[in-house]
Amino acid sequence: MISSLSSSAGVAQAAPREHRITGSTRNPDSFDFLSGIAAARAESAAAAQDKADMQARNASAILHFAQQGMTMTLHSFAGDYKDQLAVTVDSDGSKDVSVDELTRQVMQGGGSAQQAQALYAAMDANSDGKLSLQEFKDNIADPFQSAEFRAKLTGALSAEGAGHGGAPVDVLALYREQGERMDAPTVLGSMAKNISVTA
């Protein structure tokens, strides 16, 4: 979590068809779909609790800065990443992810429409037939928990530092560059391609 200071001065969707969803049997080492969704939700809940705890621990500092006309906000790279994905997927700005919006991203990432509908149903945690942006983000795993993502970022940091003679590296710019390579179609397509769907 990163603290930063700055000066202060629902569209309803039709419920997707019911599908039986199982993890992939094509590759036993691949993403286990249902376990991955559950792990991402648990991770998101823990991150939300950590943020609330940090705000509580820093309440007096937050109040002090507010009295000085400044706002203290808490950010996390994982949260920023999920926000970026959500904005990309919610192409109409409705603050909900529709089946069509998710399907478009999944299919661009190599998944099928049927897999996208199954993914949508699995992401709809409260089973109301709608996928709020928060529900969507809660179902996306923290990329920093991925060894592959961390290795790419570490390699890019090393290369960037070597290219500047060991000078400080702009980690935020580098993160954004690396994060953009794991765009919405790539992330959602990889999740959906590991779903075996039977009608």
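The values are calculated or read from the model by the stated rules, or taken from the named source; none is laboratory data. Every value quoted in this text rests on a predicted model; they were computed, and no experiment measured them. As a convention, Cβ positions derive from the backbone with ideal geometry for all residues, glycine included, and neighbour counts pool all protein chains shown.
Screening T154 on (1) of a type in the set (S, T, Y); (2) out of contact with any helix residue (DSSP H, G or I) (no Cβ under 8 Å at 6 or more places or on another chain); (3) modelled with pLDDT of 85 or more shows it passes everything except condition (3).
The helices (runs of 4 or more DSSP H) found entirely in segment 11-103 that carry 2 or more residues being modelled with pLDDT of 90 or more and surrounded by 17 or more Cβ atoms within 10 Å (Cβ to Cβ) are 33-57, 77-89.
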